[in-house]
Amino acid sequence: MERWSGVLRVPLHPNSRTFHRVGASLCLSPETRTLRVPIANAIFFCGDRAEGTGNPVIERLSDLQKLSEIVVSKFGSFINAWVIEASVFNGPFAVYKDFIPSVNQYGEPRSYHPVGFPASASTISLLSNCLEEVKKVILGTQVDTKSGCTPSFCFSQPKTFILGFSKGGTVLNQIVTELGFSDIGSNANSPSMGQPMDRKFSESEEIYVVPKTREGLLNSISEIHYVDVGLNSAGAYLTNHDVFERISKRLMQGAPPLRFILHGTPRQWSDRQRGWILNEKDKMLNLLESETPKSGAKLKVLARYYFADKPPSMQMHFEIIEILDIS
């Protein structure tokens, strides 16, 4: 599969004074030099910057281009990978203020609320602006963001996989909160994600490279990966029972199946100085497991522990990205 890859510097809104750096690896049609509609979009939210470590492993796994390549290697060549950095950094601390309005100056959330759906709306805006930027880059040619759909790998609206690494997990918490309070809309009457469309549906629904609305984004999410998330304060994992109850009800009302995977290392889950991380992880896992029987077997949850026999280190915190088991 031919691909276009690069690192973009993109504003969230036309008048924004801040920019997000986004590493992208996108399916490309070699015949027409247009973007092809993928089977899924994998969106990876980065954490704080690890500056001045002098560690080549950490440096390599902090590179947005390299991270986008790793994401493609995990999910397959028919997906698009988007690796997103925060637009604001306070020293090394990522501040996702556009996605989580309640964050403090260090990017730590005070709370997660669905009002205004800021994370899903910001994700849609950012990816749309990325596509516009790609139009200007690919040989100066027009990129058609809804054509190029072939029977070989475009069956329906692309799925969405969401990954949050380290502090990037706070964006996942906000998205999951918004998911719990979102309407299913027409999704309940549409073909399942990844299933062939009948003629009637294909004529009435436009297929896009990325979702065009926050509802489209939220209804397309099929996997949520927490990748060694952690904070210096509470809020690394979502522990709001009401949100998970609402998600379970959405699934029973016709939303597509949803899978959570919590990936961790001793760096976060065995940190005695920040014991709340493990406590929050265990609580979130228990809440998800308690809702699984109520979801009609459509909610799945797994926890995977890496480097269990090694002492905590910053290097393993980054190395988990490369050995991530998404099966």
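Against the numbered list (1) buried (at least 19 other Cβ atoms within 10 Å of the Cβ); (2) out of contact with any Phe, Trp or Tyr (no Cβ under 6 Å at 6 or more places or on another chain); (3) part of a strand (DSSP E or B); (4) of a type in the set (A, V, I, L, M), Val301 comes up short only at (2). Annotation note: Cβ proximity below 7 Å between a residue of the stretch 220-233 that is touching a residue at least 40 places away in the same chain (Cβ under 8 Å) and within 23 Å of Ile323 (Cβ to Cβ) and a residue that is among the polar types (S, T, N, Q) and assigned to a strand (DSSP E or B) (sequence gap 6+ or interchain) occurs for Ser222/Thr160. For the stretch 72-100, the tally of residues that are part of a strand (DSSP E or B) and over 13 Å from Leu126 (Cα atoms) stands at 9. If you filter the stretch 205-224 down to residues that are acidic (Asp, Glu) and farther than 15 Å from Ala119 by Cβ, you find that the one that is surrounded by the fewest Cβ atoms within 10 Å (Cβ to Cβ) is Glu206. Selection within the stretch 16-27: residues that are surrounded by fewer than 21 Cβ atoms within 10 Å (Cβ to Cβ) and in contact (Cβ under 8 Å) with a residue 24 or more places away in the chain. The member of this set that is nearest to Gly76 (Cα to Cα) is Arg21. When you look at Arg9, is it surrounded by fewer than 14 Cβ atoms within 10 Å (Cβ to Cβ), touching a Lys or Arg at 6+ places or on another chain (Cβ under 6 Å) and either among the hydrophobic types (A, V, I, L, M, F, W, C) or outside any helix (DSSP H, G or I) (or both), yes or no? For Arg9, the condition - surrounded by fewer than 14 Cβ atoms within 10 Å (Cβ to Cβ), touching a Lys or Arg at 6+ places or on another chain (Cβ under 6 Å) and either among the hydrophobic types (A, V, I, L, M, F, W, C) or outside any helix (DSSP H, G or I) (or both) - is met. For residues in the stretch 116-142 being touching a Phe, Trp or Tyr at 6+ places or on another chain (Cβ under 9 Å) and in a loop (DSSP other than H, G, I, E, B), which is modelled with the highest pLDDT? Step by step, filter the stretch 116-142, then rank; the result is Phe117. For Cys27, the criteria (1) within 28 Å of Val95 (Cβ to Cβ); (2) touching a Phe, Trp or Tyr at 6+ places or on another chain (Cβ under 7 Å); (3) in a strand (DSSP E or B); (4) of a type in the set (A, V, I, L, M, F, W, C) hold in every case but one, which is (1).
Residues are listed down the side, and each one gets a yes or a no for (1) under 29 Å from Glu69 (Cβ atoms); (2) among the β-branched types (Val, Ile, Thr); (3) free of Cβ contacts under 8 Å to residues at least 24 places away in the same chain:
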position	(1), (2), (3)
Thr265	yes, yes, no
Asp271	no, no, no
Lys300	yes, no, no
Gln315	yes, no, no
Ile320	yes, yes, no
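Among the residues making up the stretch 96-110, those that are at pLDDT below 95 and surrounded by fewer than 16 Cβ atoms within 10 Å (Cβ to Cβ) are Ser102, Arg110.
The values are calculated or read from the model by the stated rules, or taken from the named source; none is laboratory data. Not measured: the values here are computed from a predicted model. In this analysis, Cβ positions are derived from the backbone assuming ideal geometry, glycine residues included, and neighbour counts consider all displayed protein chains.
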